[in-house]
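K.L.:
First the structure, which I've put down as structure tokens, then a few questions once you've had a look.
The values are calculated or read from the model by the stated rules, or taken from the named source; none is laboratory data. Here the structure is a predicted model, which means the values were calculated and not measured. FYI the Cβ positions are ideal-geometry reconstructions off the backbone, even for glycines, and counts take in every protein chain you see.
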Amino acid sequence: MMGNKAVTLVEILLAVTILALALVPMAGGLLSYFKRVNTIEGSLDYTHRAQNLLNDLLNEVSYKETQRVMTENGCSGENVGALSDHGKAVVKNLTTIKTREGKLLCPPDTGLNADQTTNTEKGKWLVSDKGTYFKMNGVSYYFTLTITNIPLQFHWKQYVLDVHRKEVVGWLDACTRSNVPGKPDVKTTDSGGVKRDMFQQLTLDIRWQEYGRNLSYSFVTFKANLDDANDTHDNSTDSDS
Amino acid sequence: MKKNQGMALPIVLMFIFAVFAIVFYIAAVHKQDKTAHIVAREHYRAIYLAKGAVQLALLKARMVPQEFRDACTFWDGHGTIENMSHNFGNLEKHQDVLGQRDSESPVAAWKVEGEFIRELQMMMTPGASPSWSHEKGLVVDGPFTGEFVITDLKMLTRRIGVRNDTIKVIARAREISEMTVGQAIGGVDKGTGLNLGQKLEEIHEIILK
């Protein structure tokens, strides 16, 4: 009877030891999984917000407005129109950007105590020195937009025609903004006669902190001046500003 | 009493086995979920690179509209180049400029290939010096490595004298990442194992002066 009791005690101690050793990594794995599940909602939301922002920047915001935002954020635009112009502006406050219809791209969540709230109102934003942000499940997702001028130099075939035979007999390379005499130069002014670069790189950075880890994600797209690039100077058509 | 002796260890082992099974299941789901998440993130990035490519193609058409129309005319075989009417009997000798005739839509669209779209491409690498060349297209600095290329540019409606033209642009873009080797967004390149990228097709109506 005593021998049996001793075996049972050893058995129980062994079982408890195995249980303790096995449960530690298993608990860690489970905790990691549930932490991740908890943040899925936030990650979906920042992805959707980022996509909405970029779609609006490409389709709803005029080129003049993005250039205004660049100037507002310290890009002087001294070399605008030159091939050397790689002017860049980091925009932390996205709440001032307007669409063509005058709506705010990121409407601010007014009257909110940012320190106390867990979630910002759907579609609404707050601003801090780290960027424009929203809160989801207590996590703040900070958005910053970097706009960079990309000067371009397009090429194409300039056809050489035999008028009598009505045939194309050859072609020449041509390029824009060339200093070579006799080659065509494409205008880099808008319909208001203002000199502009016609292409911008838009980089949207999203940063947040999750369980002590600093995480980030980014999108890159490009915006062209399809509003009035190369248009003849005519103030009557200048309606975007 | 004796009947229950020696039961503690088997019970604990069975319990641990059950918990292990659950953890392994969750780990497998988690791994699939993580991979899907990475592919989705690269998919989103590729989409917005491709949207940038479409902007570049439309900008070129808008900035050099006459040359764009000439290229369309040249493809079509008849029409107006430099304000003169032409009818080209032999298109084959011009194919190095224009590429192959589009057999899928021989009448409905004017397809621009070759020279006009050759430079409409971009390579983005972190730390790259921004530049633009006829051969390489656009080289830019960015937060991740990616690229786009315009594969197709067509004028669907040609309204000379009317200001709007309808243009169809097809672009391909991708993030070049070792994380998605074998996890294709748009199929896998057999040589490199990298995903073939995202195809984006957009139709725009823009004003060509």
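K.L.:
Restricting attention to strands (runs of 3 or more DSSP E) lying wholly within the stretch A:104-218, give those where 1 or more residues are farther than 30 Å from residue B:71 by Cβ, within 14 Å of chain B (Cβ to nearest Cβ) and modelled with pLDDT of 90 or more.
P.N.:
Strands (runs of 3 or more DSSP E) meeting the threshold: A:139-149, A:199-210.
K.L.:
Let me ask something additional. Take the stretch A:11-20 and flag every residue that is surrounded by 11 or more Cβ atoms within 10 Å (Cβ to Cβ) and either more than 7 Å from every other protein chain (Cβ to nearest Cβ) or hydroxyl-bearing (Ser, Thr, Tyr) (or both).
P.N.:
A:13, A:16, A:17
K.L.:
For the stretch B:117-145, give me each residue that is assigned to a loop (DSSP other than H, G, I, E, B), at pLDDT 90 or above and among the aliphatic types (A, V, I, L, M).
P.N.:
B:128
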